[in-house]
1. How do Thr447, Thr264, Thr68 rank by accessible surface area computed with a 1.4 Å probe, from largest to smallest?
2. Toward the positive end of the charge dipole of the range 214-368, about the Cα centre and with charges on Cβ (Lys, Arg +1; Asp, Glu -1), which of Val257, Trp362, Phe301 goes farthest?
3. Taking N as the number of residues in the range 81-125, what is its Cα Rg relative to 2.2 N^0.38 Å?
4. With a 1.4 Å probe and all protein chains kept in place, how much accessible area does Thr33 have, in Å² rounded to the nearest 10?
5. Figure the gain on full extension for Tyr372 and Lys316 (residue separation times 0.36 nm, minus the Cα-Cα span) and round it to one decimal in nm.
6. Quick check: with the 1.4 Å probe, what order do Val229, Val126 take by accessible area, largest first?
7. Using 0.36 nm times the number of residues separating Arg452 and Ala106, minus their current alpha carbon distance, what extension gain do you get?
8. How many Å² of accessible area per residue for the range 292-356, probe 1.4 Å?
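The values are calculated or read from the model by the stated rules, or taken from the named source; none is laboratory data. These numbers were taken from a predicted model, which means no experiment stands behind them. Don't worry about glycine lacking a Cβ; one is built from the backbone with ideal geometry, like all the others, and counts go over all protein chains shown. The area values use the complete protein model at the heavy-atom level, side chains included, leaving out ligands, DNA and RNA. Shrake-Rupley method; radii C 1.70, N 1.55, O 1.52, S 1.80 Å.
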Amino acid sequence: MSQMVKDGARAGAVEAPPAASPKRWWILAVIATAQLMVVLDATIVNIALPSAQADLGFSDANRQWIVTAYALAFASLLLLGGRIADLFGRKPAFLVGVVGFAAASALGGAATGFGMLVTARALQGVFGALLAPAALSLLNTTFTDARERARAFSVYGAIAGAGGAVGLLLGGVLTDGLDWRWTLYVNVAIAVVAFAGGWILLGNHRDAANSKLDVPGTLLVAGGLFSVVYGFSNAETHHWGSPLTWSFLTAGGLLLVAFAWWQTRAPHPLLPLRVLLDRDRAASFLAVLITGAGMFGVFLFLTYYLQLNLGFSPTKTGVAFLPMVGALMVAAQLGTTVLLPRIGPKAVIPLGFAVATAGMAWLTGIGLGSHYATAVLPQLILIGVGLGLVMPPAMQLATGGVAAEDAGVASASVNAMQQVGGSIGTALLNTLAASAATDYLAGKNPTDKLVRAQATIESYTTAFWWSAGLFAAGALVAFLLYRPGRQPAPENATVIHM
């Protein structure tokens, strides 16, 4: 049995950390490319949906399944994908994930009907669930120097945080300039670069080769995550009192409780509890979950506002998010390489949440006559700074210090938290926004265009206030849970063989 002990306080045979790969920065470029492909697909297809719907002729009721099919497959299979990378090797998991994702994307781009497109999106989710944890665990095991590791995670975390906005831009450009199908075909071009780089640069590691796959645990957690994401998706399209909502949410909760119980008894647990029981790591998982939920208040409702109220085209909408992306990337570098090593996560991550809270609260000042330069741009920059101080450091801390044989499943847990958080945020904020619009219209003339337009503003600002509340809750949780002081450098962690 092997166990990771952060401070090396216990006696035993201590392994020196592996030497850094001379190809590590090229490996980072490959991993970042693959991660960008996965993150883009969370939003790039959204802008193309109206064009795809007109082309393939599916109904408004079926439209949500183009997004939901990907989310369901991706979220429910992430832990399995991470464990496969640990058991059978990160390089083959990465390469198979890249090829499969590209093939599914090509299938979707060539879709001749609704069923074919939904199937392709589900397959994207399947292979994305294999690719994403393999990529993050490769990053975690490739960079062993504390300073270089921080810099690598600043890049990775910036992509994870800003990829949604980049997806909006790229989706708009491709849909306006070419055709909606190119929002899927573009993944094939990205995959060629990622596969070639992965084949040449990556080495294969099977750190958990002596373990076995936990089949009962796999079934329990896959069923639990599927039910939770599906339940929240139904809350968005139906209502919270619908049996399709509460029954799946209840079932998902029970399955996840059963999974946690089984992990204490399984001989080869899918998610060893030692991964979750570290206080800083648990705080990081929660930070990623809350960020995933709150970010949808920015991307989803601000996209509606820019296009429907300010009259922006899809391409112009994507460009409007670029300042936020730039601010996020600068803050990511500052947070992981400068602030985190000096003052620790108990200060940095709550600070990031507080800045994001201020930005979201400021964004509630939008109105029918507002201008992008004064009512949106400064707020977006502030939100980008806040998210840049949260996402990359939290991802680094969530995967840092784990034993090598747990790297894949720890990485999968981070992705699962972000995906489940996004599902919760989408359902919760959509429901609250719709209720706000309905309340505003009560007693007014719903056929009046000005009244309807103001009702949409009320729905957006309600979503922004709740997103601000989520970020504020994140600041409190992070401050209470993270240990005080600076983080020990990853290279000081020692592997003790018992």
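1. Ranked list, largest accessible area first: Thr447, Thr264, Thr68.
2. After comparing all options, I get Trp362.
3. Taking the Cα Rg and dividing by 2.2 N^0.38 Å, one obtains 1.35.
4. Accessible area, nearest 10 Å²: 40 Å².
5. 19.0 nm
6. Working: Val229 0, Val126 55 Å².
Sorted by accessible area, descending: Val126, Val229.
7. Contour length minus the Cα-Cα distance gives 120.6 nm.
8. With all protein chains present, the range 292-356 gives 34 Å² per residue.
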